[in-house]
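The values are calculated or read from the model by the stated rules, or taken from the named source; none is laboratory data. Computed from a predicted model, the values in this text were never measured in an experiment. As a convention, Cβ positions derive from the backbone with ideal geometry for all residues, glycine included, and neighbour counts pool all protein chains shown. In case anyone asks, the SASA skips ligands and DNA or RNA and just uses the protein heavy atoms, side chains included. Shrake-Rupley method; radii C 1.70, N 1.55, O 1.52, S 1.80 Å.
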Amino acid sequence: MWLGLVVVLPLTALVLRPWEVGLSGIWSTLTEDRVLAALRLSFGVSLLAALTNIPLGLMTAWTLTRYEFPGRRVIDALVDLPFALPTAVAGIALTAIYGPTGVLGEPLAKLGIKAAYNPIGIYIALLFIGLPFVVRTVQPVLQDLDREVEEAAQTLGATNLQRFRLVVLPAVLPALVSGFSLAFARAVGEYGSVIFIAGNMPLKSEIAPLLIVIKLEQYDYAGAATVGLAMLLISFGALLAVNGLQLVLARRGRA
Amino acid sequence: MSIDEILNRRRLIATAAAVAVVPGWASAESGKSLTLLNVSYDPTRELYKDVNAAFAAYWKSRTGQTLTLNQSHGGSGKQARAVIDGLEADVVTLALAYDIDEIATRAKLLPANWQSRLRNNSAPYTSTIVFLVRKGNPKGIRDWGDLVKPGVQVITPNPKTSGGARWNYLAAYAWALKQPGGTPAKAEAYLSALFKNVPVLDTGARGSTTTFAERGLGDVLLAWENEAYLSLEEFGPKFDIVYPSLSILAEPTAALVDKNVQRHGTRVVATGYLNFLYSPLAQDLIGKHHFRPRDPKALAKYGAKFRKLPMVTIDGEFGGWRKAQAAHFADGGVFDRIYRR
């Protein structure tokens, strides 16, 4: 019932709106160069960032659960910061750091790497906001993982790599996958932190959510809803595929 | 809707009811408090803060009513859309007439002839577009032609989302058109070259000012004259203002939102507010905040900083906003084309 009100109702509005302009209107919106470029950019960079967050998140979670070191609790709390920070603040902060006059931006620029106002900037922002999703889904699994199993593997002569590949990885894989899909979903819809660092050049660094806002600002409600619907369908498909993958993993885990 | 807004609405409804029963607005309402919402564009924050304080004092002395003036700021197009979608503005003061036209045609909240209801095309002040360059103008930027030179970085917001950016863009186009042998095709090629020199497209004028002034990006910022002076005030000696050989006469417009004031029972005070914008007191504040006042006295007082330069107008050069919007900024228009090249 609540799910219906909170989730289905707005989605229904989104699905119904584009039909005002008919099928041809929807098609001409979806085949605009700018729309295609924006969708490609949004999903491409989101995928890349979420994939990068898998090893980064796993390493962070591993460090936080397996090692005792001063400041561990502080770092543990810091991981949640991208959750709590208003995304616009994150965007402005990242731009200040990676911009051409920023602490990291300036040395990077000297190396010939432009880290802001292009897709690299978008990637950096999405990396930042996606990391806690992977850490927070993997961490409890690592905590619950029975150390004795690992120790048993060690006494049976497994190398570190074997221990990781054959004992730890299968246990955390489902959590990694769901962390990945959460980070990916969040990245696709992310607006606030990205627009400050993206540069927002049409066809180059203009993300799909920004294009929706631009279309709204031109009073093109149906066009905006069309892009929104396209994003919804692609995201839904991607998440469905990830869920399927998880099901397969879970079955294999039981067998 | 927030609690405050609900309470406000209740009070407004009660006020409206009282007015309906007792003839004579001011006598019925004296001593009670009133609320007015002015929905405006980005760079007028400081101006309306002062104007509102002055008007509240003036209204209190004249009618005895205590007035609460609320202001809302953002990109002009975004603000217009908020009003269309139900933001209960009593008056709108936006960057361009086109945005108020949209409120009139899409939501029918005010009549189509709104622009003839107040003096001077309903624009209590004007402004123009100038260049803000880094101190000493190291790249020697003097006019529009210098913006397309290789190695010059130009900062301007996205004309699709920013009212100010549309004025920038149209001023550039008009200049190119007026060059010897200028044609629409040549003007389009000029704009294409200009936007190749634009490294970032912010969504609003304030965003671009931040990019230029605080991020240190770009050699020249195309800016509202008032924003340029404000940057000089805030960042002091880091920048110079350059006046190009030709610019555009920007007329930010003000209007009463009829349907909303009717519901709120605020027609009298809202009309008073709009007329107040033309008063010597408000005109002086307008000049102080670097907008070009209409009032000759205020203009004379602040005139020294407003350099006289040839300016084209939207109606004269582009046949009005509606035509300019359709030709340049609508999907598939000139602005989309220059990015496809």
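Regarding B:Ala53, is this residue away from chain A (no Cβ under 14 Å), closer than 26 Å to B:Glu225 by Cβ, surrounded by fewer than 22 Cβ atoms within 10 Å (Cβ to Cβ) and free of Cβ contacts under 8 Å to residues at least 60 places away in the same chain? Spelling it out, B:Ala53 is indeed away from chain A (no Cβ under 14 Å), closer than 26 Å to B:Glu225 by Cβ, surrounded by fewer than 22 Cβ atoms within 10 Å (Cβ to Cβ) and free of Cβ contacts under 8 Å to residues at least 60 places away in the same chain.
Once region B:59-85 is narrowed to residues that are open to solvent by 40 Å² or more (accessible area, probe 1.4 Å) and within 14 Å of another protein chain (Cβ to nearest Cβ), the residue that is nearest to B:Thr161 (Cα to Cα) is B:Lys78. The residues on offer are A:Ser28, A:Ser46, and the sole one that is polar (S, T, N, Q), at pLDDT 90 or above and either buried (at least 17 other Cβ atoms within 10 Å of the Cβ) or over 23 Å from the mean Cα position of the chain (by Cα) (or both) is A:Ser46. The set of residues in region B:286-301 being under 14 Å from B:Ala54 (Cβ atoms) and open to solvent by 40 Å² or more (accessible area, probe 1.4 Å) consists of B:Lys288 alone. Modelled with pLDDT under 95, in a helix (DSSP H, G or I) and out of contact with any Lys or Arg (no Cβ under 7 Å at 6 or more places or on another chain): is that true of B:Arg206 in this structure? It is true that B:Arg206 is modelled with pLDDT under 95, in a helix (DSSP H, G or I) and out of contact with any Lys or Arg (no Cβ under 7 Å at 6 or more places or on another chain).
Scanning for something in a helix (DSSP H, G or I), hydrophobic (A, V, I, L, M, F, W, C) and closer than 28 Å to A:Ala38 by Cα, does region A:152-164 turn up at least one residue?
Step one: of region A:152-164, the residues in a helix (DSSP H, G or I) are A:152-155, A:160-164.
After this cut, where a residue has to be hydrophobic (A, V, I, L, M, F, W, C) as well, the list is A:152-153, A:161, A:164.
Filter again for closer than 28 Å to A:Ala38 by Cα, leaving none.
Checking region A:152-164: not a single residue is in a helix (DSSP H, G or I), hydrophobic (A, V, I, L, M, F, W, C) and closer than 28 Å to A:Ala38 by Cα.
Residue by residue, here is whether (1) closer than 25 Å to A:Glu217 by Cα; (2) in a loop (DSSP other than H, G, I, E, B) holds:
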{"position": "B:Ala89", "(1), (2)": "yes, yes"}
{"position": "B:Val92", "(1), (2)": "yes, no"}
{"position": "B:Ile103", "(1), (2)": "yes, no"}
{"position": "B:Leu109", "(1), (2)": "yes, yes"}
{"position": "B:Ala112", "(1), (2)": "yes, yes"}
{"position": "B:Gly136", "(1), (2)": "no, yes"}
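Are there helices (runs of 4 or more DSSP H) fully within region A:79-133 with at least 1 residues that are in contact (Cβ under 8 Å) with a residue 40 or more places away in the chain and within 23 Å of B:Leu201 (Cβ to Cβ)? List them. Lay out the reasoning, then the answer.
On the way: elements: A:81-84, A:87-98, A:105-110.
Qualifying helices (runs of 4 or more DSSP H): A:87-98.
Looking only at residues of region B:165-203 that are part of a helix (DSSP H, G or I) and within 11 Å of chain A (Cβ to nearest Cβ), we find that the one that is surrounded by the most Cβ atoms within 10 Å (Cβ to Cβ) is B:Phe195. Within region A:27-41, the set of residues being in a helix (DSSP H, G or I) and not aliphatic (A, V, I, L, M) comprises A:Trp27, A:Ser28, A:Thr29, A:Asp33, A:Arg34, A:Arg40.
Can you find, within region A:186-199, the residue that is nearest to the other protein chains (Cβ to nearest Cβ) among those that are farther than 18 Å from A:Gly228 by Cα and not hydrophobic (A, V, I, L, M, F, W, C)? Step through it out loud before you land on a result.
Just the residues of region A:186-199 that are farther than 18 Å from A:Gly228 by Cα, to begin with: A:193, A:196-199.
Filter once more, keeping what is not hydrophobic (A, V, I, L, M, F, W, C): A:193, A:199.
Details: A:Ser193: 14, A:Gly199: 5 Å.
It comes out as A:Gly199.
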